[in-house]
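The values are calculated or read from the model by the stated rules, or taken from the named source; none is laboratory data. None of these values were measured; they are calculated from a predicted model. Glycine gets a Cβ as well: all are built from the backbone with ideal geometry, and neighbour counts include every protein chain shown. Note: areas computed on protein heavy atoms with side chains; ligands, DNA, RNA excluded. Shrake-Rupley method; radii C 1.70, N 1.55, O 1.52, S 1.80 Å.
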Amino acid sequence: NMKLISGYGDNTFRPDEKITLNEAIVVSVNLLGLNATVNYFGGYPAGYYKAARENKLLKGINLNGTDLMDKGNALLLIYNTLHAEVLIPVEFSDDNVRYETRSGDTLLKNGFGVELVEGILDGVDISSIYGDNDVPSYTVTIDGRVIRRNGTNANDYFGYNVQGYVSEINGRD
């Protein structure tokens, strides 16, 4: 229904077959809404490949377009796709829609409500780097942002540069 995959030219769909890098790129590019730029770049497969390369979807992937995907490269493509900036419609007219990318508007954030947070773990519920400890129980602060923690022993990472995924639920991190 989302038109991420259209099948083959002979009107068949083969879900049990392995896919090539080119075919996987089509899914990622369409998922990000970048398909509007594909025709400008030359259509399939070159346009999809160029859109993927320009949006850093191929970072760390060492395959040619016609090579079959393996699990490692598939995971890299999924990771890169989730962290890539998406096209956001910003202006509408009767015959046109203008899109732009905005820093931080990733598929992970816009599509799933999950954000990658990076910075110094500067506060835990027993101590704070910046003086008085006002960090609530069961939370941490990363660069001053209060985040609810789930099951991690944050004290082990106090003062370190950390990365973590944050999901906003009911308006709270």
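Counting heavy atoms of the protein chains alone, ILE78 has an accessible area of about 90 Å² for a 1.4 Å probe.
When restricted to Cα atoms, the stretch 55-141 yields an Rg and a Dmax of 19.8, 59 Å, respectively. What is the sum of charges around SER128, taking Lys and Arg as +1, Asp and Glu as -1, for the other residues whose C-beta is under 12 Å from the C-beta of SER128? Cβ neighbours under 12 Å give a net charge of -4. Between helix 71-83 and the chain there is an angle of about 70 degrees, using the helix long axis and the longest principal axis of the Cα atoms. Each residue of the stretch 15-23 is assigned a 3J(HN,Hα), and the resulting list reads x, 8, 8, 5, 10, 7, 4, 4, 5 Hz, derived from the Karplus form 6.51 cos²θ - 1.76 cosθ + 1.60 (θ = phi - 60°), x at Gly and Pro. Gain on full extension, evaluated as 0.36 nm per residue between GLN163 and SER127 minus their Cα-Cα distance, stands at 11.0 nm. Taking 7 Å steps out from each Cα toward its Cβ at TYR79 and ASN62 produces label points 1.5 nm apart.
Just how large is the dipole of the chain about the Cα centre, in debye to the nearest 20, putting +1 at every Lys and Arg Cβ and -1 at every Asp and Glu Cβ?
380 debye
Can you give me the long-range amide H partners of ILE120? Hydrogens built in the peptide plane at 1.01 Å from N, cutoff under 5 Å, separation of 5 or more residues or another chain. Excluding prolines and chain starts, which carry no amide H, the hits are ASP143, VAL162.
Placing a label point 7 Å from the Cα of ARG149 along the Cα-to-Cβ direction, the residues of the stretch 102-133 whose backbone N falls under 19 Å from that point are 115-133. With helices as the sole contributors, the chain gives -7000 deg cm²/dmol at 222 nm; each DSSP H run of n ≥ 4 counts as -39500 (n - 2.57), and the sum is divided by every residue.
Over all pairs of different C-alpha atoms, the stretch 93-173 has a mean inverse distance whose reciprocal, the Kirkwood radius, equals 14.3 Å.
Computed across the chain, the Kirkwood hydrodynamic radius from all distinct Cα-Cα pairs reaches 18.8 Å. The heavy atoms of GLU118 present about 110 square angstrom of accessible area, all protein chains included, probe 1.4 Å.
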